[in-house]
Amino acid sequence: MAKSTIKLRTKVKGDKVQVKALITHPMHTGLVKNKKTGEKIPAQYITEVLVEANGKPVLTANWTGSVSKNPFLSFNYAGKEGDAIKLSWKDNTGKSDSIEKTVGKK
Amino acid sequence: MKRRSFLKNTIIASATGVAVSAGILSPSMALAAKHGDDPFKSKSVDEVLKMIGATAAEASDKIKIKAPEIAENGAVVPVTITSKIEGTTEIYSISSNNPTPLSAKYTFGEGAEASIKSRFKMGKSGDVVAIVKAGDKFYTAKAAVKVTKGGCGG
């Protein structure tokens, strides 16, 4: 199996959990030209990222090509050690990936 | 006198009717703002505001935008948007001078802090506009970012 496109880190901070994610994705806007061929690189960007904690959605992100290549995301939510975190993404070409992690475990 | 009060009541009743239908309108607008629809493809900030129904957004100092004053590389501009407004459910991030200004929409679930850090592309210098939705109201704040090297072109 190919290596996961998602790097997910969680950290307990008091009664909050910090979630940090780094997704490997080209995030092509569809406006950039290939310098060698002069042809436009087709758009390929993540349209939706969903973060769930214990099965409940805590963050939904709707993205466009304006988000940087290899997008990074960080936020906090009220949680505790042992929570099951799931992050999944979809892009406009139909690709997707997801990762599951337990808070507090590497 | 009776006729007058009757008229008054009907007017009040119809006014509430309008308010209710306006209330019905806002969830459907929220649906229209979902991805795949137009706001993400619109070409101007005003259009985006119209589509998400935030034209009447109030400026608020409870929204903090942390963005570099000068971004050397427009391809990676780190932006943190924090809303201290109670009941914040959605944060929109708009890069005013991008070909498609609406860059991202974040919807917060239960327990999530209304603060988000991510990185955006910016083609040109311009404002980063944050639109925060709390309850049925919209609030806004902006921060100017100078880009020395654009991140949208080749």
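Odds and ends about this structure:
- Among the residues of region B:125-148, not a single one is facing another protein chain (nearest Cβ under 9 Å) and either within 17 Å of residue A:73 (Cβ to Cβ) or of a type in the set (A, V, I, L, M) (or both).
- Count of region B:89-118 residues which are of a type in the set (Lys, Arg) and either touching a helix residue (DSSP H, G or I) at 6+ places or on another chain (Cβ under 8 Å) or crowded, with 19+ Cβ neighbours inside 10 Å (or both): 1
- Qualifying residue in region A:35-56 (condition: more than 9 Å from every other protein chain (Cβ to nearest Cβ), outside any loop (DSSP other than H, G, I, E, B), basic (Lys, Arg) and over 11 Å from the mean Cα position of the chain (by Cα)): yes
- For region B:89-120, residues that are within 7 Å of chain A (Cβ to nearest Cβ) and without any contact (Cβ under 8 Å) to a residue 60 or more places away in the chain total 19.
- Flag for residue A:81 being of a type in the set (Asp, Glu) and either outside any loop (DSSP other than H, G, I, E, B) or touching a Cys at 6+ places or on another chain (Cβ under 9 Å) (or both): no
- Taking the criterion of being under 13 Å from residue A:99 (Cβ atoms) and at pLDDT 85 or above, the residues of region A:1-35 that qualify are A:5, A:6, A:7, A:8, A:9, A:10, A:19, A:20, A:21, A:22, A:23, A:24.
The values are calculated or read from the model by the stated rules, or taken from the named source; none is laboratory data. Keep in mind that this is a model prediction, so the values were computed, not measured. Backbone-built Cβ (ideal geometry, glycine too); neighbour counts: all protein chains shown.
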